[in-house]
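Taking it in order: structure first as structure tokens, then the write-up.
The values are calculated or read from the model by the stated rules, or taken from the named source; none is laboratory data. This structure is a prediction, so every number in the text was calculated from the model and none was measured. With ideal geometry, Cβ positions are generated from the backbone for all residues, glycine too; neighbour counts draw on all protein chains shown. Note: accessible area is taken over every heavy atom of the protein model, side chains too, but ligands, DNA and RNA are not part of it. Shrake-Rupley method; radii C 1.70, N 1.55, O 1.52, S 1.80 Å.
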Amino acid sequence: MNEVRLPEGLLDRSHPYPRAFITVSGAHLYGFPSADSDIDLRGVHLLPLEEIVGLRTGEETITRTWVEGAEIDLVTHELAKFCRMMLSRNGYVLEQVLSPLVMASSPLHEELVALAPRCVTRLHAHHYLGFARNQWRLFQKSGELKPLLYTFRVLLTGVHLMRTGELVADLHLLEGGPAYLAELIEAKRAAEHGSLPTGAPDAERLGADVVALTGRLEEERDRSALPAEPDAHDALHDLVVRTRLGT
């Protein structure tokens, strides 16, 4: 796992609301950061009650960007919005709440982590299939290594999720990928937007492997024991109400 350090006090100086959690997403979470990779921070913020019930409401989504050696990109969502996204087939938000790279946490974060497995469904396969298609098209257009690794990462994450119900985002920890992935990950460390290294598989081989993994994910989805719908609606509703009322 790739350690991430932030300038002391950066979040407190730059974010207007308390945070339930801040975790690291992006290439650092996925196991293939480069020396010049951005640091992608994601999390949940808490609006005061007067900015929820009054005529002037607070921001549901807050985005901040800094350059502190590397570019630091922070996106947080208000608690209720984030919980609604957890109840959709959005694997990305589940990866955020379950990320092992935690920059800030709270008892509320611990509750969200505990409820996240109850939000996982077999329909999350559609998220990973769509994400993979988009990244593969980007690779075909740009020839960059980054979207190629994203393509394999999301397909393998989806396969593992459908089989086990466990969300694993680190490509190093995911089994079943082509043997050459280790070489591509190593090459990615040199530059965020680098091209395929010399000796990498050709486009035909890469395409065939992506098609095969896509088919495997579809098969795992079709025979998955995961439910079609999450069963955390009531629990997340209760969590939002308790948090907003301070009870």
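In the range 182-207, what residues are among the charged types (D, E, K, R) and either closer than 15 Å to Pro147 by Cβ or assigned to a loop (DSSP other than H, G, I, E, B) (or both)? Let's see the steps before the verdict.
Taking the range 182-207 and keeping what is among the charged types (D, E, K, R), we get 183, 186, 188-189, 192, 202, 204-205.
Correct list: Lys188, Arg189, Glu192, Asp202.
Condition first: out of contact with any Phe, Trp or Tyr (no Cβ under 6 Å at 6 or more places or on another chain), within 20 Å of Pro201 (Cβ to Cβ) and open to solvent by 10 Å² or more (accessible area, probe 1.4 Å). Now tell me which residues in the range 118-142 satisfy that.
Within the range 118-142, the subset out of contact with any Phe, Trp or Tyr (no Cβ under 6 Å at 6 or more places or on another chain) is 118-134, 136-142.
After this cut, where a residue has to be within 20 Å of Pro201 (Cβ to Cβ) as well, the list is 132-133, 136-142.
Listed by number, the residues that qualify are Arg133, Trp136, Arg137, Leu138, Phe139, Gln140, Lys141, Ser142.
Taking the residues in the range 208-247 that are of a type in the set (S, T, N, Q) and not in a helix (DSSP H, G or I) as candidates, determine which candidate is most open to solvent (accessible area, probe 1.4 Å). Explain how you work it out, then say what you get.
Step one: list which residues in the range 208-247 are of a type in the set (S, T, N, Q), which gives 214, 224, 243, 247.
Remaining after also requiring not in a helix (DSSP H, G or I): 224, 247.
On the way: Ser224: 17, Thr247: 117 Å².
Here the answer is Thr247.
Quick check: anything in the range 151-166 charged (D, E, K, R), under 22 Å from Gly31 (Cα atoms), surrounded by 19 or more Cβ atoms within 10 Å (Cβ to Cβ) and within 19 Å of the chain's Cα centre (by Cα)? Full working, then the answer.
Here is the first cut: in the range 151-166, the residues charged (D, E, K, R) are 153, 163, 166.
In the following step, the residues that additionally are under 22 Å from Gly31 (Cα atoms) were identified as 153, 163, 166.
Cutting the leftovers down to surrounded by 19 or more Cβ atoms within 10 Å (Cβ to Cβ) gives us 153.
Add one more test, that the residue is within 19 Å of the chain's Cα centre (by Cα), and what stays is 153.
Scanning the range 151-166 turns up at least one residue that is charged (D, E, K, R), under 22 Å from Gly31 (Cα atoms), surrounded by 19 or more Cβ atoms within 10 Å (Cβ to Cβ) and within 19 Å of the chain's Cα centre (by Cα).
With respect to Arg13, determine if the residue is closer than 19 Å to Val113 by Cα, open to solvent by 30 Å² or more (accessible area, probe 1.4 Å) and either free of Cβ contacts under 8 Å to residues at least 60 places away in the same chain or within 20 Å of the chain's Cα centre (by Cα) (or both).
Numbers: closer than 19 Å to Val113 by Cα: no; open to solvent by 30 Å² or more (accessible area, probe 1.4 Å): yes; either free of Cβ contacts under 8 Å to residues at least 60 places away in the same chain or within 20 Å of the chain's Cα centre (by Cα) (or both): yes.
No; evaluated as a whole, the condition is false for this residue.
Please return the ranges of helices (runs of 4 or more DSSP H) entirely within the range 39-107 where 1 or more residues are farther than 20 Å from Glu166 by Cα.
Numbers: elements: 50-53, 79-86, 91-98.
Answer list for the range 39-107: 50-53, 79-86.
If a residue must be in contact with a Phe, Trp or Tyr (Cβ under 7 Å, 6 or more places away or on another chain) and among the small types (Gly, Ala, Ser), how many such residues does the range 81-117 contain?
4
Open to solvent by 70 Å² or more (accessible area, probe 1.4 Å), within 23 Å of Ile39 (Cα to Cα) and either touching a Lys or Arg at 6+ places or on another chain (Cβ under 8 Å) or touching a residue at least 12 places away in the same chain (Cβ under 8 Å) (or both): which single residue out of Ala190, Ala169 fits that description? Full working, then the answer.
Details: Ala169 fails: open to solvent by 70 Å² or more (accessible area, probe 1.4 Å).
Result: Ala190 is the single residue among Ala190, Ala169 that is open to solvent by 70 Å² or more (accessible area, probe 1.4 Å), within 23 Å of Ile39 (Cα to Cα) and either touching a Lys or Arg at 6+ places or on another chain (Cβ under 8 Å) or touching a residue at least 12 places away in the same chain (Cβ under 8 Å) (or both).
Residue check: is Leu145 surrounded by 19 or more Cβ atoms within 10 Å (Cβ to Cβ), within 16 Å of the chain's Cα centre (by Cα) and touching a residue at least 40 places away in the same chain (Cβ under 8 Å)?
no
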